[in-house]
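The next block holds one structure in the form of structure tokens; read it before the comments.
The values are calculated or read from the model by the stated rules, or taken from the named source; none is laboratory data. Keep in mind that this is a model prediction, so the values were computed, not measured. Here the Cβ positions follow ideal geometry from the backbone for every residue, glycine too, while neighbour counts run over all protein chains shown. Ligands, DNA and RNA are stripped out before the accessible areas are found, and what is left, the full protein with its side chains, is counted by its heavy atoms. Shrake-Rupley method; radii C 1.70, N 1.55, O 1.52, S 1.80 Å.
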Amino acid sequence: MAHRKDPLRRRHHTVSKFYLAGFANESRQLSQVHLPGHHTHLNSVVNATVDTDFYSVRAEDGSLDDTMERAFGELEGPAAGVLQRGVDSLWPLPSEEKATLASWIALQYMRGPALRRTQNQLMAQMHQMIVLMAGRPALRQAIEAHEGRAISDARLEWEWNDLTQGGGPTLEPDAFFHARTIGETLPWLTDLVFQSQWMLVTFQRRNLFTCDHPVSLVAPSDLPSFLGVGLATAEAYLLPLSRKLGLVVMPHEHGADVQVGGTTNLWRVFVDHTLENARGYLFHHPEDSIPPELILPQPRSLELAQLDTSIFERRISVEEIVDTSADRAARKRMRDLTSTEPTLSGADLVWPIPGRIALERPDSL
């Protein structure tokens with residue numbers, strides 16, 4: 001491996017430092033609230049949301065590669081300049097500044113731990129589904145073929161339970177998969193954000209706070225309850241820009257960007273989505289506080305609902321899956337989805353499962 005001129009960057013921020021500075025005091029300190037709010041302490045923007053080697057991938061020779069962290073820095077620099085100059089003083093943003101901020105907003109949405117956990121949990125559920133569809137005999141066959149020996153019924157049952165219970169097998173987080181997803185999606189999402197109509201909300205009496213996943217998606221009011229909101233279906237993206245400024249990105253509107261005064265209702269929209277989108281921490285200016293009437297959520301690490309494994313043991317009708325209040329169109333979409341042939345089968349079962357962190361087996365197995 002060639003000798004690198006610059007030292008390896010290991011302190012990776014999952015939320016940009018320059019962004020957090022909008023909620024900090026002159027000493028670059030901000031209050032960090034640990035959900036569900038039992039503990040609050042001062043932290044600096046330099047240390048908040050630091051996760052060592054979070055964006056580093058393992059090179060072929062085993063060394064860490066910080067290319068992704070360095071690439072983020074190239075996007076952050078220009079965006080920091082826009083925020084530091086004052087979005088409200090530049091409004092409406094010239095095309096170049098808007099494009100710069102759009103690329104950072106798209107990156108900030110995708111760079112957080114939530115996306116990586118979602119990918120990890122989706123992969124775990126895929127393996128869980130494959131094992132459930134394959135059945136115990138196929139699992140035994142796969143293990144024995146790999147190990148070259150017969151395994152006991154107790155060993156089979158132990159493996160089965162570990163793979164099919166809860167959220168499926170525990171997998172190593174995959175920084176490379178995360179990086180690839182960002183690389184593939186960032187241009188599209190940046191363009192979507194840039195082409196949208198933006199609304200800058202200026203608050204006078206009330207202050208905003210932010211969280212460890214500051215870009216929130218607003219679900220359309222007519223979205224069926226069994227469907228989650230996604231980048232393409234969101235009615236809006238919300239981002240508290242500072243204590244006094246909030247940004248609403250409206251992907252289905254393409255008129256001129258506007259600026260409005262903050263109201264109590266708009267403040268509550270920002271606050272509610274910030275609380276809902278937080279995973280572990282809230283951040284606010286040291287002179288501010290979280291209003292006591294707000295109910296803070298519990299820390300969240302699960303991004304997906306656990307798979308209902310009973311669907312592999314009995315036939316479930318569409319009417320059981322879809323809430324009875326859903327409209328007919330939603331029911332039809334679910335029927336279309338459930339009537340297609342499954343894309344996974346026992347033939348997809350591989351052993352050992354890539355990236356699996358196996359629980360320590362009893363010596364007797």
Practice prompt. Determine the pairs where a residue that is under 22 Å from residue 19 (Cβ atoms), located within the range 61-77, has a partner that is outside any loop (DSSP other than H, G, I, E, B) and open to solvent by less than 40 Å² (accessible area, probe 1.4 Å) with Cβ atoms under 6 Å apart, the partner being 6 or more residues away or on another chain.
Written response: 68/179; 69/12; 75/103; 75/104; 75/107
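Determine which member of the set 159, 184, 172 is under 23 Å from the mean Cα position of the chain (by Cα) and without any contact (Cβ under 8 Å) to a residue 40 or more places away in the chain. Walk me through how you get there before you give the answer.
On the way: 159 fails: under 23 Å from the mean Cα position of the chain (by Cα); 172 fails: without any contact (Cβ under 8 Å) to a residue 40 or more places away in the chain.
When all the criteria are applied, what remains is 184.
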Practice prompt. Report, by residue number, each residue of the range 301-312 that is touching a residue at least 40 places away in the same chain (Cβ under 8 Å) and over 17 Å from the mean Cα position of the chain (by Cα).
Written response: 307, 309, 312
Practice prompt. Find all pairs meeting these conditions: Cβ atoms under 7 angstrom apart; at least six residues apart or on different chains; first residue within the range 88-104 and without any contact (Cβ under 8 Å) to a residue 12 or more places away in the chain; second residue in a helix (DSSP H, G or I).
Written response: 90/97
Worksheet item: in contact with a Lys or Arg (Cβ under 9 Å, 6 or more places away or on another chain), open to solvent by less than 40 Å² (accessible area, probe 1.4 Å) and part of a helix (DSSP H, G or I): does that describe residue 163?
Response: yes
Worksheet item: Can you find even one residue in the range 112-128 that is among the hydroxyl-bearing types (Ser, Thr, Tyr) and either touching a helix residue (DSSP H, G or I) at 6+ places or on another chain (Cβ under 7 Å) or over 30 Å from residue 213 (Cβ atoms) (or both)?
Response: no
Item to complete: Could you tell me which numbered condition residue 128 fails, if it satisfies all but one of (1) open to solvent by less than 60 Å² (accessible area, probe 1.4 Å); (2) part of a helix (DSSP H, G or I); (3) under 26 Å from residue 72 (Cα atoms)?
Response: (3)
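For the range 206-226, which residues satisfy the criterion of being farther than 17 Å from residue 253 by Cα, in contact (Cβ under 8 Å) with a residue 24 or more places away in the chain and either open to solvent by 30 Å² or more (accessible area, probe 1.4 Å) or touching a strand residue (DSSP E or B) at 6+ places or on another chain (Cβ under 9 Å) (or both)?
Taking the range 206-226 and keeping what is farther than 17 Å from residue 253 by Cα, we get 206-216, 222-226.
Imposing the further condition that a residue be in contact (Cβ under 8 Å) with a residue 24 or more places away in the chain reduces the set to 206-216, 224-226.
Residues satisfying the conditions are 206, 207, 208, 209, 210, 211, 212, 214, 215, 216, 225, 226.
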Worksheet item: Do we find a residue being open to solvent by less than 50 Å² (accessible area, probe 1.4 Å), modelled with pLDDT under 75, polar (S, T, N, Q) and touching a helix residue (DSSP H, G or I) at 6+ places or on another chain (Cβ under 7 Å) anywhere in the range 308-315?
Response: yes
